[in-house]
């Protein structure tokens, strides 16, 4: 169980970060279907930088600093890529769903193209050593060994970055003037414009914030679960979108939804660690338990959304282009 919880955090935190990324965009009135593409671009930027820096031994004695720089670069990459969505959705007033879908396709193709251009032998795979980024601390080993294993021994700094993002985003959305204005732009943009709020500016800020966090979330997802990145996050951006909808565009509810879906995802890769499942595999060797558990997160997603979609209340103006010239 300790191993399962530890692995769950590797899936919960990126889900949380990327869902919050989508929240900022949609709170401002722009639907961000491009979360998958943002994650891919962010993961590419971050892992590529780590790959090159580890190859030359840069910051070898300070891996956490290298990780922080990589996360910043991943976020910047995501923000730059999201500016395409901003241009299409805000400036051109194009269909936001179609624009986001196009960016998802472009993101994966662009990551593969760039990897081939800059990797030896046109390799798509970007390899790195993720073990150096574990905290490997025995802070609570003598008192609470299980907690120490989960939160200090096997954990990454990304765990605490994710928690910090949750806290800060909650404060920003509910306790600041910026958050109130951002939400107003997604609920009643005409009314917001009439009282002097620049809807154009706030929607751009929402999209760029979404891009930064989406790119950051891509690296946070890719780093702990693998020692290489191959231009895909396996549909995790779409899962984060489901988390956002299930969480009703509210940070704390999004966190609860991320825990739910993240544990299902962790179960799909750690089911072998449970004795009762191992016994079932032995008793029923012809049953494809591996396949069943791998599709569980997505089945759960469809089931939950089917049951809760009627009660979902997205920002009223989300996805609706705002005609600046008419105001």
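The values are calculated or read from the model by the stated rules, or taken from the named source; none is laboratory data. None of the values given here were measured: they were computed from a predicted structure. Positions of Cβ are generated from backbone atoms using ideal geometry, with glycine treated the same way; all protein chains shown enter the neighbour counts.
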Problem - Conditions (1) on the phi > 0 side of the Ramachandran plot; (2) in contact with a strand residue (DSSP E or B) (Cβ under 9 Å, 6 or more places away or on another chain); number of the one not met by residue 93 - result: (2)
Handout entry: Candidate set: region 52-64, residues that are more than 21 Å from the chain's Cα centre (by Cα) and part of a helix (DSSP H, G or I); chosen: the one surrounded by the fewest Cβ atoms within 10 Å (Cβ to Cβ)
Key = 56
Practice task
Could you grab me the full set of residues in region 96-138 that are out of contact with any helix residue (DSSP H, G or I) (no Cβ under 9 Å at 6 or more places or on another chain) and at positive phi?
Solution key: 121
Practice task
Given the conditions (1) modelled with pLDDT of 90 or more; (2) more than 24 Å from residue 301 (Cα to Cα); (3) part of a helix (DSSP H, G or I); (4) more than 15 Å from the chain's Cα centre (by Cα), report the number of the one that residue 209 does not fulfil.
Solution key: (4)
Exercise for the section: Consider residue 320 carefully, then state whether it is out of contact with any helix residue (DSSP H, G or I) (no Cβ under 7 Å at 6 or more places or on another chain), surrounded by fewer than 19 Cβ atoms within 10 Å (Cβ to Cβ) and in a helix (DSSP H, G or I). Expected result: no
Handout entry: Filter result (surrounded by fewer than 24 Cβ atoms within 10 Å (Cβ to Cβ) and farther than 21 Å from residue 113 by Cβ) within region 225-240
Key = 225, 227, 238
Practice task
Would you confirm whether any residue within region 167-178 is within 25 Å of the chain's Cα centre (by Cα), at pLDDT 95 or above and over 20 Å from residue 29 (Cα atoms)?
Solution key: yes
Practice task
Can you confirm whether region 263-274 contains a residue that is in a loop (DSSP other than H, G, I, E, B), over 16 Å from the mean Cα position of the chain (by Cα) and either surrounded by fewer than 21 Cβ atoms within 10 Å (Cβ to Cβ) or without any contact (Cβ under 8 Å) to a residue 60 or more places away in the chain (or both)?
Solution key: yes
Exercise for the section: Within region 76-96, track down each residue that is surrounded by fewer than 20 Cβ atoms within 10 Å (Cβ to Cβ) and at pLDDT 95 or above. Expected result: 76, 80, 83, 84, 87
Fill in the blank from the handout: Sole miss for residue 255 among (1) more than 20 Å from residue 18 (Cβ to Cβ); (2) modelled with pLDDT of 90 or more is condition (1)
